[in-house]
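Trainee: One structure, pasted below without further comment.
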Amino acid sequence: MKVSEALATRRSVRAYLDRPVDPDVIRRVIERASRAPSGGNLQPWRIYALAGEALDGLKQLMEERTGADPKGEGTEYDIYPQALDSPYAQRRFAVGEAMYAQMGIARDDRAARRRWFSRNYRFFDAPVGLFCFVERYMGPPQWSDLGMYLQSVMLLLREEGLDSCAQECWALYPRTIGQYVRSPSNLMLFAGMSVGYADPEHPVNRFPTTRARPEEFATFLGFPS
């Protein structure tokens, strides 16, 4: 698979087949993704991979936690800016509305939306879940390195025929996740990721997402017209 093919076919998959993933594939992807660039070669990512009983135990725990505290424990960083301006606010709104429309969930059906959102904390029934942590004293440049690592993971998963969904929603429960995976206190939870084989029949995996045209975000200087 070419890089362009992996990028074009990568999408946030939110429903998975009941099909196991070869653990050697996960180990291989995690290792190969470490070739992602990082400033000063710091390689600031810290990855925890869960499957089998470890994953099942977390799903059960999260069912209890989300039931008792549905709004979460409070994030240790802002997932989105407090005031999201145009065009970013519109893009975020549009993708959410497209997903719920595809699922047949009305905008005012808050209960149904909450039930669907809670599937995040089961990794959408994927057979593998990943967590990415970073040292608390690291700054924005190192956080950008995390993104490059996770993008590398997702593209390598596509090469292996697998699908994924990066999930910052896990940052709402940093204490619960940190305690469960026994991460040291100097690490901060950044995001989770579902990994598995996409269910091609599930409607949530078939709604379209759009991307801005280059004219909206790129400036070309010195290029021939």
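The values are calculated or read from the model by the stated rules, or taken from the named source; none is laboratory data. The model shown is predicted, which means the values in this text are computed figures rather than measured ones. We place every Cβ from the backbone using ideal geometry, glycine too, and count neighbours over all the protein chains shown. SASA here: full protein model, heavy atoms, side chains in, ligands and nucleic acids out. Shrake-Rupley method; radii C 1.70, N 1.55, O 1.52, S 1.80 Å.
Trainee: Collect the residues in the range 28-53 that are of a type outside the set (Lys, Arg) and under 20 Å from ALA171 (Cβ atoms), keeping them in residue-number order. Talk me through it step by step, then tell me what you get.
Mentor: Initial filter on the range 28-53 (of a type outside the set (Lys, Arg)): 29-31, 33-34, 36-45, 47-53.
Result: PRO44, TRP45, ILE47, TYR48, ALA49, LEU50.
Trainee: Can you name every residue in the range 77-90 that is loosely packed, with under 13 Cβ neighbours inside 10 Å and in a loop (DSSP other than H, G, I, E, B)?
Mentor: Filtering the range 77-90 down to residues loosely packed, with under 13 Cβ neighbours inside 10 Å leaves 77-83, 85-88, 90.
Matches in the range 77-90: TYR77, ASP78, ILE79, TYR80, PRO81, GLN82, ALA83, ASP85, SER86, PRO87.
Trainee: In contact (Cβ under 8 Å) with a residue 60 or more places away in the chain and not hydroxyl-bearing (Ser, Thr, Tyr), is that true of ALA191?
Mentor: So ALA191 passes the test.
Trainee: May I pose another question? What is the number of the single condition among (1) outside any helix (DSSP H, G or I); (2) in contact (Cβ under 8 Å) with a residue 40 or more places away in the chain; (3) of a type outside the set (D, E, K, R) that GLY161 does not meet?
Mentor: Checking GLY161 against (1) outside any helix (DSSP H, G or I); (2) in contact (Cβ under 8 Å) with a residue 40 or more places away in the chain; (3) of a type outside the set (D, E, K, R), the one that fails is (2).
Trainee: Out of all the residues in the range 40-50, is one or more part of a helix (DSSP H, G or I), over 17 Å from the mean Cα position of the chain (by Cα) and modelled with pLDDT of 95 or more? Before the answer, list the steps.
Mentor: Residues of the range 40-50 that are part of a helix (DSSP H, G or I), as a first pass: 40-41.
Narrowing the set further to residues that are over 17 Å from the mean Cα position of the chain (by Cα) leaves 40-41.
Remaining after also requiring modelled with pLDDT of 95 or more: 40-41.
The answer is yes; a qualifying residue exists.
Trainee: With respect to the numbered conditions (1) over 20 Å from the mean Cα position of the chain (by Cα); (2) more than 30 Å from HIS202 (Cα to Cα), which one is the sole condition not fulfilled by SER34?
Mentor: Every condition holds for SER34 apart from (1).
Trainee: Filtering the range 30-76 down to residues that are free of Cβ contacts under 8 Å to residues at least 12 places away in the same chain and either basic (Lys, Arg) or open to solvent by 90 Å² or more (accessible area, probe 1.4 Å) (or both), which residue is farthest from SER194 (Cα to Cα)?
Mentor: ASN41
Trainee: Within the range 177-195, take every residue that is among the hydroxyl-bearing types (Ser, Thr, Tyr) and open to solvent by 10 Å² or more (accessible area, probe 1.4 Å) and give me the one that is farthest from the chain's Cα centre (by Cα).
Mentor: For the range 177-195, the residue satisfying everything is SER185.
Trainee: Can you name the residue in the range 129-144 that is of a type outside the set (Gly, Ala, Ser) and open to solvent by less than 10 Å² (accessible area, probe 1.4 Å) and is also nearest to ASP199 (Cα to Cα) among such residues?
Mentor: PHE131
Trainee: Among the residues of the range 196-225, which ones are out of contact with any strand residue (DSSP E or B) (no Cβ under 7 Å at 6 or more places or on another chain) and either within 16 Å of MET99 (Cα to Cα) or surrounded by 10 or more Cβ atoms within 10 Å (Cβ to Cβ) (or both)? Let's see the steps before the verdict.
Mentor: Pass one, the range 196-225, residues out of contact with any strand residue (DSSP E or B) (no Cβ under 7 Å at 6 or more places or on another chain): 200-204, 206-225.
Once the filter is applied, which keeps residues that are out of contact with any strand residue (DSSP E or B) (no Cβ under 7 Å at 6 or more places or on another chain) and either within 16 Å of MET99 (Cα to Cα) or surrounded by 10 or more Cβ atoms within 10 Å (Cβ to Cβ) (or both), the range 196-225 yields PRO200, GLU201, HIS202, PRO203, VAL204, ARG206, PHE207, PRO208, THR209, THR210, ARG211, ALA212.
Trainee: Okay, moving on. State the number of residues belonging to the range 91-108 that are surrounded by 12 or more Cβ atoms within 10 Å (Cβ to Cβ) and not in a loop (DSSP other than H, G, I, E, B). Step through it out loud before you land on a result.
Mentor: At the first step, the residues of the range 91-108 found to be surrounded by 12 or more Cβ atoms within 10 Å (Cβ to Cβ) are 91-92, 94-103, 105.
Now restrict to residues that are not in a loop (DSSP other than H, G, I, E, B): 91-92, 94-103.
Number satisfying all stated conditions: 12.
Trainee: Can you find a residue in the range 151-162 that is open to solvent by 60 Å² or more (accessible area, probe 1.4 Å) and under 21 Å from ALA33 (Cβ atoms)?
Mentor: yes
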